[in-house]
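Report on one structure; see the data block that follows.
The values are calculated or read from the model by the stated rules, or taken from the named source; none is laboratory data. If you're wondering where the values come from, they're calculated on a predicted model, not measured in any experiment. Don't worry about glycine lacking a Cβ; one is built from the backbone with ideal geometry, like all the others, and counts go over all protein chains shown.
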């Protein structure tokens, strides 16, 4: 039988993680419990971090919004401050799984698990969110874009724990959009997802951030596509050209696969539709 720890303080949790036989971190458990049931992971001990005050809450500090790593998808989806400042994050959280999964799964777990199909990570990446990470030896800050290093791989060192995410303010007139493609309309793991931020100025695109997930081994900004949008007047032709650039980038990143014949055109069309929807309907 596995040992189970539920510390009352961050200091206690970090001390447990500093041990040679450090327990596995348990937040929502929506991935870890399934992995154990399927025999893919069998930790000797678990560390439940859901009671740690340092990992809870959503607040505004010096213009940035700080999101606790143990905040659930439901809490994100329902938070008025996030809807006001970063609706792209709320839409991403609302797209995840079932109400039961959203009430258990957490922001920190979604990032640390490093699934290429994670829905929250593209939004955090597009928002330039920075993770605050702590261990018994001290703390450090790492951009979410650098924290996920590959499929099921992250940059966390042994003994480290994601405590929170800081999201800086956006430029004025920035429109935000999120979309997702799955094999069914609900309760589906993403086949493609994407977060998009477009800053408008005098009818042109003055700033662009585009992160497409489930297309490569980690969510990433598509910088070539972003550059092609700058100082352009948006129309369907522009969005189609940028969608093609995204498809080309995916091909370079992943190589030609059996699925490329249908996934690459879908990625191009998905990107064009996301850009159009963000520009026309995106919340500022």
Quick check on the range 161-175. Is at least one of its residues in contact with a strand residue (DSSP E or B) (Cβ under 9 Å, 6 or more places away or on another chain), under 20 Å from residue 217 (Cβ atoms) and assigned to a loop (DSSP other than H, G, I, E, B)? no
So residue 141 clears everything in (1) touching a strand residue (DSSP E or B) at 6+ places or on another chain (Cβ under 9 Å); (2) surrounded by 19 or more Cβ atoms within 10 Å (Cβ to Cβ) except one condition, right? Which one? (2)
Of the residues in the range 41-83, those that are without any contact (Cβ under 8 Å) to a residue 60 or more places away in the chain and within 18 Å of residue 17 (Cα to Cα) number 13
Hits in the range 206-216 - residues which are surrounded by fewer than 22 Cβ atoms within 10 Å (Cβ to Cβ) and touching a helix residue (DSSP H, G or I) at 6+ places or on another chain (Cβ under 8 Å): 216
Is it true that some residue in the range 225-239 is outside the structural domain of residue 111 (by TED's automatic domain parsing), within 21 Å of residue 120 (Cβ to Cβ) and in contact with a strand residue (DSSP E or B) (Cβ under 7 Å, 6 or more places away or on another chain)? yes
Would you say residue 195 is crowded, with 20+ Cβ neighbours inside 10 Å, part of a loop (DSSP other than H, G, I, E, B) and touching a strand residue (DSSP E or B) at 6+ places or on another chain (Cβ under 9 Å)? no
What do you reckon, is residue 218 within 16 Å of residue 171 (Cα to Cα) and either in contact (Cβ under 8 Å) with a residue 12 or more places away in the chain or not in a loop (DSSP other than H, G, I, E, B) (or both)? no
Tell me which residues, restricted to the range 105-145, are in a helix (DSSP H, G or I) and over 27 Å from residue 15 (Cβ atoms). 120, 121, 122, 123, 124, 125, 126, 145
Among the candidates 244, 240, 227, 267, which residue alone is within 26 Å of residue 172 (Cβ to Cβ) and either at pLDDT 95 or above or assigned to a helix (DSSP H, G or I) (or both)? 227
Just to check your reading of the model, which residue among 260, 247 is more than 22 Å from residue 206 (Cα to Cα), free of Cβ contacts under 8 Å to residues at least 12 places away in the same chain and surrounded by 15 or more Cβ atoms within 10 Å (Cβ to Cβ)? 260
Restricting to the range 113-138, give me the number of residues that are surrounded by fewer than 24 Cβ atoms within 10 Å (Cβ to Cβ), within 11 Å of the chain's Cα centre (by Cα) and closer than 20 Å to residue 50 by Cα. 2
Sole miss for residue 206 among (1) over 19 Å from the mean Cα position of the chain (by Cα); (2) part of a helix (DSSP H, G or I) is condition (2)
Please go through the range 88-102 and pick out each residue that is under 10 Å from residue 120 (Cβ atoms), in a helix (DSSP H, G or I) and touching a strand residue (DSSP E or B) at 6+ places or on another chain (Cβ under 8 Å). 89, 92
Every residue from the range 20-59 that is at pLDDT 85 or above and out of contact with any strand residue (DSSP E or B) (no Cβ under 9 Å at 6 or more places or on another chain): 20, 51
